[in-house]
1. Please work out if Val47 is away from the ligand (no atom under 16 Å from the Cβ) and touching a Phe, Trp or Tyr at 6+ places or on another chain (Cβ under 7 Å).
2. Among the candidates Glu76, Glu135, Glu113, Glu164, which residue alone is among the acidic types (Asp, Glu) and touching a Ser or Thr at 6+ places or on another chain (Cβ under 9 Å)?
3. Consider only pairs whose beta carbons are under 6 Å apart and that are at least six residues apart or on different chains; among these, list those whose first residue lies in the range 254-267 and is modelled with pLDDT of 95 or more and whose second residue is basic (Lys, Arg) and in a loop (DSSP other than H, G, I, E, B).
4. For residues in the range 173-220 being assigned to a loop (DSSP other than H, G, I, E, B) and of a type in the set (A, V, I, L, M), which is nearest to the ligand (Cβ to nearest atom)?
5. So which residues in the range 157-172 are out of contact with any Pro (no Cβ under 8 Å at 6 or more places or on another chain), part of a helix (DSSP H, G or I) and crowded, with 17+ Cβ neighbours inside 10 Å, if there are any at all?
6. Filter the range 331-347 for residues that are in a loop (DSSP other than H, G, I, E, B) and either over 15 Å from Arg237 (Cα atoms) or not aromatic (Phe, Trp, Tyr) (or both) and give the result.
7. Considering every residue within the range 282-291, establish whether at least one is more than 30 Å from Trp222 (Cα to Cα), part of a strand (DSSP E or B) and of a type in the set (Val, Ile, Thr).
Amino acid sequence: MKQYDYLVVGAGLYGAVFAQQAKQSGKSVLVIDKRPHIGGNVYTKPVEDINVHVYGAHIFHTNDKEVWEYVNRFAEFNRFTNSPVANYRGELYSLPFNMYTFNQMWGVVTPEEAEAKIQAQKQEAGITEPKNLEEQAISLVGKDIYEKLIKGYTEKQWGRPCSELPAFIIKRLPVRFTFDNNYFNARYQGIPVGGYTKLVENLLDGIEVRLSVDYLDEKAEWDALADKVVYTGAIDRYFEYRLGVLEYRSVRFETEVLDTPNFQGNAAVNYTDAETPYTRIIEHKWFEFGTQPKTVVSREYSSEWKVGDEPYYPVNNEKNNALYAQYKALAENEPNVIFGGRLGEYKYYDMDTVIAASLALCKKEGVR
Ligand code: UDP
């Protein structure tokens with residue numbers, strides 16, 4: 001008889017949701033995390049009474065009613081709607097790509113004019129079947145928007161030419177022929193009132209959590225404690241990188257408190273030119289309609305990840321996906337260990353899909 005039914009490695013959303021469901025169905029659970037705090041990359045902390053998204057901006061959005069109802073059991077969500085502004089060398093454009101953007105770019109007024117403009121630029125580029133992000137972007141929005149709003153930003157974010165990136169990344173963004181600046185095509189959207197840390201705290205309520213401990217440093221000891229392990233860390237690190245290293249993009253934030261109530265008038269301003277070294281500036285207070293006298297802003301710098309850095313975005317190109325498939329085969333033969341989450345599955349998950357994946361695991365494990 002082991003002490004716990006489950007050891008959950010990683011107190012991010014995937015792990016916390018699994019732990020919550022397992023506990024609720026009467027299982028004993030221990031959650032550990034190598035960081036000194038819970039929440040994984042959704043962790044927020046108050047600075048000047050403003051909830052700062054420490055590992056990058058997170059805006060909850062979903063079409064999944066079950067997920068929405070689930071998270072609403074643990075937090076109240078405000079009515080925040082993401083509408084980032086793009087700043088290209090001082091010119092401002094609305095995002096995502098919609099009638100406001102087309103009007104700002106070309107002066108067109110009707111959807112018909114906008115569609116004609118895009119169609120002409122697409123034809124000029126001669127793209128029939130888009131094979132990469134560059135071709136996908138041009139065929140969705142034309143060359144002008146690609147060059148001013150996509151190319152520089154994407155190449156800074158991913159550190160690779162758009163012609164070598166997978167097309168699916170750009171398909172995350174809507175293209176609309178309506179005047180609608182909502183970045184997401186989602187039925188439900190908002191920010192948990194009081195921050196994400198509180199949401200994860202509520203998920204983990206009554207569950208034993210140990211922080212600042214690295215599972216892989218003393219794997220055998222931890223394994224001895226539980227019947228099963230839910231591992232949400234990086235899959236290649238679990239196997240000591242024996243097949244090679246999966247590539248990630250990392251992000252570095254320069255965060256500062258400014259003695260002004262309003263720095264940029266919006267939660268997110270993307271700097272879409274190639275010269276500005278950061279990709280975007282986040283002004284955290286606007287996620288919660290803050291009225292504080294000061295403001296906190298974070299400049300986001302993207303970099304190639306190396307062993308020891310914080311991994312953020314899996315680079316899901318063919319090479320890495322093939323390597324991941326090999327690791328996955330190893331993982332499937334690992335007795336009593338379940339791999340999940342953005343790092344465990346090497347997948348560019350959104351918060352709602354990671355929660356859905358965790359709930360699906362709960363069903364499979366019979367704890368839901
Ligand atoms: N993107 C872009 N210009 C922008 C914003 C996004 O070209 O101003 C592209 C870029 O390739 C990025 C992708 O859209 O990687 C997805 O952006 P999203 O905002 O979904 O990324 P996340 O918020 O996950 O960093």
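The values are calculated or read from the model by the stated rules, or taken from the named source; none is laboratory data. Just so we're clear, the structure is a prediction, and the values are computed from it rather than from any experiment. Using ideal geometry, Cβ is built from the backbone for each residue, glycine included, and neighbour counts are taken over all protein chains shown.
1. Judged against the criteria, Val47 is not a match.
2. After applying the criteria, what remains is Glu135.
3. If the second residue must be basic (Lys, Arg) and in a loop (DSSP other than H, G, I, E, B), the pairs left are Val257/Lys294; Asp259/Lys294.
4. Leu173
5. Answer for the range 157-172, where residues must be out of contact with any Pro (no Cβ under 8 Å at 6 or more places or on another chain), part of a helix (DSSP H, G or I) and crowded, with 17+ Cβ neighbours inside 10 Å: Gln157, Trp158, Cys162, Ile169, Ile170.
6. Listed by number, the residues that qualify are Asn333, Glu334, Pro335, Asn336, Gly340, Glu345, Lys347.
7. yes
Conditions (1) within 20 Å of Tyr312 (Cα to Cα); (2) of a type outside the set (Lys, Arg); (3) more than 13 Å from the chain's Cα centre (by Cα); (4) part of a strand (DSSP E or B), marked per residue:
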| site | (1), (2), (3), (4) |
| --- | --- |
| Ala19 | no, yes, yes, no |
| Lys23 | no, no, yes, no |
| Lys34 | yes, no, yes, no |
| Gly56 | yes, yes, no, no |
| His61 | yes, yes, no, yes |
